[in-house]
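These notes concern the structure reproduced below.
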Amino acid sequence: MTNANDTYTSPLATRNASEAMLRIWSPRHKFQIWRRIWLAVAEAQKECGLDITDEQIAELRAAVDRGISDDEITRAEEYEREFRHDVMAHVHALGDACPKAKPIIHLGMTSQDVVCNADDQLIGAALHLITDKTSRVVLVFGEQADRWKSLPTTGFTHYQPAQPVTVGKRLAQWSHDLHLCVHRLWAYADGPLSRQRGFRGATGTQASFAAILEDPDRFEEVALSRLYHWDRDPEIGELADETFTITGQTYPRVMDAFVLSDLAATAAVLHKIATDIRLLSNRKELDEPFGDKQVGSSAMPYKRNPMRCERICGLTRFVMNLVGNAYDTAATQWLERTLDDSSNRRLTLPEAFLALDGSLDLMHNVASGLIVNQAMVRKNLMLELPFMATENILMAAVKAGGDRQDLHERIRVHSQAAGHRVKQEGLDNDLIERLKGDEAFHTPALKHELDWSDLMDPMNYIGRAPEQVDRFITDVVEPLRDQYGDAIKELGASEPKV
């Protein structure tokens, strides 16, 4: 007899995704939603005049309320091997559990009246969880930004030293970019793009429902209302009460492309943040949390690799590359529908959410325990600061009556010499001493325009970075905490599984 060690199991389940996200995409959860849909449809059809008995409804409701058992799932798998059709397999399995109601289960419906409406719920619930977790990372980076808002650090453009920023400003930028993703995710979870397919039949015309009901539009409204007001686990999320105006057999598959695009965009931001942390870890300025017994390398005991951020980069790269499948699926849905979307969506939809879910938990863990090595931050900055001070020196010297072009050339020559000393000889940066020794920068007039002792104070070069962080906290972090604070508290710890 085989066990889990004898077969392939997705690392997304065993190593990365949270139990909450795994539960959303679990077979039992999906099949239980299918059953709720069948019950809601039957109740709505009865209310709209179809000859369905109270006894049939009561039996069907009792079967749904019990929840689908392992034995029933196994029975459905046996039916599917026979029928080669998953929805019909579960129609029969449910019929076995409530034989009196069996004749009216799935009446007038096509498979996508079940699958699409269930998928809408699964995606909505997963989006709620992802939105909450993204907001949680925004908030924790915001808190860290506030803490380090006034610590100057070397800025980089082209990954070359540039005008100083502050550690807090950089953290706030990461947080800000993720906050943009929260707005996009919210649009599909709770906002204007949240939609249900509704009950439209085989090609979206409602022909089957029109054949058995006098008012198919009212039936759809009643069925969705019953589904919408179902008392369910809060983790499942709410069901959208808006429907697409018009559909074919499925809801528009371009919606999957929209959703996966924004999951991929969120993944891209996480990848950028994790990469930045990895780069700064190499400079010994930042470290991610490191366990007391954590091993950095099997060969090099001294290593302290940023393994969490490396894993984030790997998982998010996977998410970013899944979105192409959604575009292809949307592009190749022939006419009212073709079936080559099914096998692909079974992979891309859950796995995109599972991988991003794990990435967000990892990033929250990193951000919560982020280590800022202040001494190295200052050391690295002070090594570059003389070069950055030259613009202030040039402006002051010109203001004191100097020739801008001559002074620029002198600074260029001295800078190259100081750079050679640092790079080729491994010595300290002596640019300021070189400029002080140049008669063109040591005139009486310049003494009134330039305080040499003040030139090497990093706080003179960070502009309004601390004030920008304060504004970000006020305008973004605090309102977001008010909006998502309670949901975030319920998420619990974010320790990596492995």
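Counting alpha carbon pairs within less than 8 Å and at least 6 residues apart, what relative contact order, in whole percent, applies to the chain?
20 percent.
If amide H atoms are built 1.01 Å from N in the plane of the peptide, which residues on other chains or at least 5 residues away come under 5 Å of the amide H of GLY155?
Sorted by chain and number, the residues that satisfy this are ALA162, VAL165.
Place a point 7 Å from Cα of ARG404 in the direction of its Cβ. Which residues in segment 411-448 have their backbone N less than 13 Å from it?
Residues passing the 13 Å test: none.
Arrange the peptides 63-76, 160-173 so that the one whose residues have, on average, the most other Cβ atoms within 10 Å appears first. Provide the component values of the computation, followed by the final result.
Details: 63-76: 15.6, 160-173: 21.3.
Top of the packing list down: 160-173, 63-76.
Taking the chain as the reference, fit the longest principal axis to its C-alpha atoms, fit the long axis of helix 86-97 to the helix C-alpha atoms, and give the angle between the two in degrees, 0 to 90, nearest 10.
Compared with the principal axis, the helix lies near 50 degrees.
Consider just the alpha-carbon atoms of segment 91-176 and return their Rg together with their Dmax, both in angstrom.
Rg then Dmax for segment 91-176, in Å: 26.2, 76.
For GLN196, what residues show an amide H to amide H distance below 5 Å, using hydrogens built from the backbone and excluding near sequence neighbours?
Correct list: GLU242, THR243, PHE244.
Using θ = phi - 60° and the Karplus curve 6.51 cos²θ - 1.76 cosθ + 1.60, what whole-Hz ³J(HN,Hα) does each residue of segment 337-346 get, with Gly and Pro shown as x?
With the stated coefficients, segment 337-346 comes to 3, 10, 8, 6, 7, 5, 5, 6, 5, 4 Hz.
Given H placed 1.01 Å from N in the peptide plane, which residues other than close sequence neighbours of LEU286 have an amide H under 5 Å from its amide H?
Excluding prolines and chain starts, which carry no amide H, the hits are SER281, ASN373.
I need the fraction of alpha carbon pairs in segment 1-159 separated by more than 22 Å, rounded to a whole percent.
It works out to 58 percent of all Cα pairs.
Whole-Hz Karplus ³J(HN,Hα) for segment 448-453, in order, using 6.51 cos²θ - 1.76 cosθ + 1.60 and θ = phi - 60°, x for Gly and Pro?
Whole-Hz 3J(HN,Hα) from phi for segment 448-453: 7, 9, 9, 9, 4, 5.
What list of ³J(HN,Hα) values in whole Hz, one per residue of segment 98-104 in order, does the Karplus curve 6.51 cos²θ - 1.76 cosθ + 1.60 (θ = phi - 60°) give from phi, with Gly and Pro shown as x?
9, x, 5, 8, 3, x, 10
Write out the GluC sites (Glu not before Pro) in segment 410-498 meeting two conditions: DSSP loop, and at most 11 other Cβ atoms within 10 Å of their Cβ.
Answer by residue number: GLU490.
Once both axes come from the Cα atoms, what is the angle between helix 478-489 and the longest principal axis of the chain, in degrees from 0 to 90, rounded to 10?
The angle comes out near 50 degrees.
Give me the tail of P(r) for the chain as a percent: Cα-Cα pairs with distance above 33 Å.
When every Cα pair of the chain is considered, 53 percent fall beyond 33 Å.
A short reminder: the numbers here are calculations on the coordinates, not readings from a lab. Keep in mind that what you see is a predicted model, and the values were worked out from it rather than measured. Don't worry about glycine lacking a Cβ; one is built from the backbone with ideal geometry, like all the others, and counts go over all protein chains shown.
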